[in-house]
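Throughout, read-outs are computed from the coordinates displayed, never taken from laboratory work. This is a predicted model, so every value here is computed, not measured. Every residue, glycine as well, gets a Cβ built from its backbone with ideal geometry; the counts of neighbours run over all protein chains shown.
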Amino acid sequence: MTKGDSKKFIPLSLTGLIIILDQATKAFIVANWPREGTLIKDVFDNGVLLIYHVRNKAIAFSLGEDIPEQFRFALFVIIPVLVLAFLVWYYFTTSGFSQLQRWVIAGIIGGGMGNIIDRIFREDGVVDFVSVKFYGILGMERWPTFNVADSSVVVCCCILLVTMIIPGRSGSKVMST
């Protein structure tokens, strides 16, 4: 293993950290708060940020909740596992990522794995518990309820996109194999 290869492993500590934080927060919510319909906590006492225990058997924004149960495992577990496996493979075989891009890809992998763990081991679906007021933007009064894994995927995807569009001081490189 070369020094460059070892640099690829360090960002994966973020993957592990996100999985641990995601599963720990979900376990706390499951153990301590009732589901559906019971407000857990109004964080700022003004309705902007609510902690609210719900389950999602579909994917982002509850897309696919009407899909028959026999197809859900393939669509929501097998395909995402294959996509994450490809992402891990690409992460290790590509030298064109900047160090920042490696960190955000590690965050995407951690978030993806956090929700896949729920889909496999929680028969009631992925635990979501953060609800944010969205003030009617895009016709939504509240953003769909989410969790640490969801946040990690979204934030890291946005950062990755920015580093790909605006290369600069972050040391972004054009991705190539």
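What label, among [x] 16.7; [y] 15.9; [z] 17.7, belongs to Kirkwood radius over Cα pairs in Å computed from the structure on display?
Among [x] 16.7; [y] 15.9; [z] 17.7, the one derived from this structure is [z].
By per-residue mean of other Cβ atoms within 10 Å, what is the highest-first order of 49-59, 154-164? Before the final figure, lay out each step's value.
Details: 49-59: 18.4, 154-164: 16.0.
By packing density, highest mean first, the sequence is 49-59, 154-164.
Would you look at the GNM of the chain, springs on alpha carbons closer than 10 Å, and say which of Leu21, Leu12, Leu82 moves the most?
Leu82
Roughly speaking, what is the stretch gain from Ala31 to Trp89, that is 0.36 nm per residue apart minus the C-alpha to C-alpha distance, in nm to one decimal?
17.3 nm
How much FRET efficiency would the formula 1/(1 + (r/R0)^6) give for Phe9 and Phe44, where r is the Cβ-Cβ distance and R0 is 35 Å, rounded to 0.05?
The pair Phe9/Phe44 has a calculated efficiency of 0.35.
Go ahead and run the numbers for FRET between Val162 and Gln70, Cβ-Cβ distance against an R0 of 45 Å, rounding to 0.05.
That gives a FRET efficiency of 0.70.
Under a point-charge model restricted to the Cβ atoms of Lys and Arg (+1) and Asp and Glu (-1), what is the dipole moment magnitude of the chain relative to its Cα centre, in debye to the nearest 20?
Numbers: 16 positive and 14 negative charges, 157 e Å.
Dipole size: approximately 760 debye.
What ranking do 118-127, 102-111 get when scored by the average of other Cβ atoms within 10 Å per residue, highest first?
Those peptides, ordered most packed to least, come out 102-111, 118-127.
Taking only DSSP H segments of four or more residues, each worth -39500 (n - 2.57), what value at 222 nm results for the chain once the sum is divided by all its residues, to the nearest 500 deg cm²/dmol? Walk me through the numbers before you get to the answer.
Numbers: 6 runs with 89 residues, N = 177.
Roughly -16500 deg cm²/dmol at 222 nm, from the helical runs in the chain.
Does the stretch 112-166 come out rounded, prolate or oblate by the C-alpha gyration tensor, with a ≥ b ≥ c the root eigenvalues, rounded set by a/c under 1.5 and, if not, prolate when a/b is larger than b/c and oblate if not? All intermediate terms of the calculation are to be shown ahead of the outcome.
Working: a/c = 3.32, a/b = 1.16, b/c = 2.87.
Oblate is the answer for the stretch 112-166, as a/c is 1.5 or above yet b/c matches or exceeds a/b.
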